[in-house]
Amino acid sequence: MRKRHVLQLTGSPKDTFHEQLSLAYARDCEQALGSDADFIFLHTRPGGQHLILSSLHPQSIKNAKPITLGQAIETICMTQPELALPQMFCREGMTTYRSLLDLVGVSYIGNLPHTMALTFDKARTRSIVSVAGVRVPTGLVIDFNSPSWQSPSSHTDAFSRFEFPVIVKPSCSDNSMGVTLVDDAESLGEAISHAAEFSTEVLVEQFIAPGREVRCGVIDVKGELKCLPLQEYDVSGDHPIRLPPDKVTKNLTGDVELTSRLKSTSHAVSLEDPATETVHDLARKAHIALGCRHYSLFDFRIDDDGQPWFLEAGLYCSFANSSVIATMASYDSIELRDLFSELAQQSQEKELQPC
């Protein structure tokens with residue numbers, strides 16, 4: 001297999017957390033696919049500094065000379081990468097920076113900017129998949145920009161549709177930031193205020209208890225949507241939902257690290273499990289309804305009757321051994337390099353005009 005010349009978009013203009021999260025995944029990808037790709041990196045620092053790098057080693061980042069975005073684009077055009085992997089997890093990285101790839105004519109693996117913008121908003125995502133026949137929990141969107149919002153007590157009728165416990169979460173945030181499981185009406189206001197620190201819209205949803213929590217990955221294989229074996233997360237009465245420490249943590253040097261590297265928090269679900277076929281069907285519907293391409297990833301909660309309920313979409317694959325879709329593919333005996341090769345070929349089938 002020949003090596004591809006691949007551009008990775010890394011970092012974040014937003015903050016250090018998103019920059020470090022990007023680096024954690026991109027470095028894993030660099031290591032995992034080093035025999036299949038020669039990488040160049042467009043790395044963005046918080047505040048908007050741009051670097052062109054041949055390595056993500058900390059010293060390389062420290063020693064690199066910042067350049068303008070225009071200079072970075074010019075360098076990318078000169079080096080002519082045949083493919084790009086977006087590895088940015090802030091909103092601007094998921095949308096604006098992917099659009100830059102379209103602008104300079106570099107094909108890339110993953111979902112298009114408008115799909116990423118849509119699924120970044122949990123409330124709008126659930127509305128769209130619901131219309132497509134995917135069941136979602138009872139929900140209420142609170143818009144803090146609306147003059148009608150005052151407090152939970154001023155909207156008693158709206159909240160009467162719920163039975164406690166409920167989940168309160170920012171409509172636009174990732175990694176469970178701002179999420180609270182609320183057991184009673186007295187705690188609702190504080191949870192809503194906490195979620196509003198991360199997003200001007202807050203989503204209140206009926207909690208599916210006790211519930212199993214599973215993820216379903218979908219990949220496009222030669223035009224056919226293939227659902228991968230489900231991944232089930234370890235939730236229980238003592239730990240009913242996944243919170244930020246279950247996803248990311250910080251190491252001794254203060255850098256962001258993926259919790260999955262440090263401990264096992266999930267396991268594969270048997271294909272014979274009664275939930276598998278139903279979740280697979282719903283995941284395909286969600287993939288199509290949201291306009292996904294190449295791959296998609298969805299979270300579901302399963303109630304006592306075996307009914308799956310859609311929670312949210314997370315349309316990421318870092319092509320690292322630790323990334324969720326890669327892990328699911330391994331359950332199905334699909335090697336990471338083969339997954340990368342298949343989706344790389346798809347992304348290049350529709351060629352864009354070069355610079």
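Just to check I understand the Karplus step: with θ = phi - 60° and J = 6.51 cos²θ - 1.76 cosθ + 1.60, what whole-Hz values come out for region 282-296, glycine and proline as x?
5, 5, 4, 4, 5, 4, 5, 4, 8, x, 6, 9, 6, 7, 7
Mind checking the full-extension length gain between LYS65 and GLU186? Use 0.36 nm per residue of separation minus the Cα-Cα distance, one decimal, nm. If you can, show how the numbers build up before the last one.
Numbers: separation 121, 0.36 × 121 = 43.56 nm, distance 5.30 nm.
So the extension gain works out to 38.3 nm.
With bins 10 Å wide starting at 0, give me the P(r) of region 20-130 over every alpha carbon pair, in whole percents.
For region 20-130, the binned pair fractions read 12, 43, 34, 9, 2 percent.
Once label points are set 7 Å from the Cα along Cα→Cβ at both HIS267 and ASP102, what is their separation, rounded to one decimal in nm?
A separation of 4.3 nm, rounded to one decimal place.
For GLU163, what accessible area in Å² do you get when you roll a 1.4 Å probe over the heavy atoms of the protein chains, rounding to the nearest 10?
140 Å²
For LEU112, list long-range residues whose amide hydrogen, built 1.01 Å from N in the peptide plane, is under 5 Å from its own amide hydrogen.
So LEU112 has HN proximity to ARG293.
Just to check I understand the Karplus step: with θ = phi - 60° and J = 6.51 cos²θ - 1.76 cosθ + 1.60, what whole-Hz values come out for region 27-33, glycine and proline as x?
With the stated coefficients, region 27-33 comes to 5, 5, 5, 4, 6, 5, 10 Hz.
In whole Hz, with x marking every Gly and Pro, tabulate ³J(HN,Hα) for region 182-191 from phi via Karplus 6.51 cos²θ - 1.76 cosθ + 1.60, θ = phi - 60°.
Per-residue couplings from phi come out as 10, 9, 8, 5, 5, 8, 5, x, 5, 5 Hz.
Could you work out what % of the accessible surface of the chain is carbon and sulfur, using a 1.4 angstrom probe and leaving DNA, RNA and ligands out of the count?
Values: 7870 of 16040 Å².
So the carbon and sulfur contribution to the accessible surface is 49 percent.
Can you give me the long-range amide H partners of GLY211? Hydrogens built in the peptide plane at 1.01 Å from N, cutoff under 5 Å, separation of 5 or more residues or another chain.
Amide H neighbours of GLY211, under 5 Å, 5+ apart: ASP304.
Would you mind giving the average projected area, over all directions, of the Cα convex hull of region 101-230 in nm² with one decimal?
Details: hull surface 43.0 nm².
Directional mean of the projected Cα hull area for region 101-230 stands at 10.8 nm².
Please work out the average accessible area per residue across the chain, using the 1.4 Å probe convention, and give it in Å². Before the final figure, lay out each step's value.
Details: 16040 Å² over 355 residues.
Ligands and nucleic acids excluded, the figure is 45 Å² per residue.
Determine the principal axes of the Cα atoms in region 278-355, then give the extent along each, sorted from largest to smallest and rounded to whole angstroms.
53, 27, 16
Okay, helix-only estimate at 222 nm for the chain: each DSSP H run of n ≥ 4 adds -39500 (n - 2.57), divide by all residues, round to 500 deg cm²/dmol; what do you get?
On the way: 12 runs with 120 residues, N = 355.
Mean residue ellipticity at 222 nm (helix-derived): -10000 deg cm²/dmol.
List the residues whose amide H sits under 5 Å from the amide H of GLU312, counting only those 5 or more places along or on another chain, with H placed 1.01 Å from N in the peptide plane.
Under 5 Å from the amide H of GLU312 lie the amide H atoms of ASP299, each far enough along the sequence or on another chain.
What do the square roots of 5 times the Cα gyration tensor eigenvalues come to for region 64-109, in whole Å, largest first, as semi-axes of the equivalent ellipsoid? Please list the in-between numbers first.
Details: eigenvalues 56, 43, 18 Å².
For region 64-109, the semi-axes come out at 17, 15, 9 Å.
The values are calculated or read from the model by the stated rules, or taken from the named source; none is laboratory data. All of these numbers come straight from a predicted model, not from anything done at the bench. Virtual Cβ from ideal backbone geometry, glycine too; neighbours counted across all protein chains shown. SASA here: full protein model, heavy atoms, side chains in, ligands and nucleic acids out. Shrake-Rupley method; radii C 1.70, N 1.55, O 1.52, S 1.80 Å.
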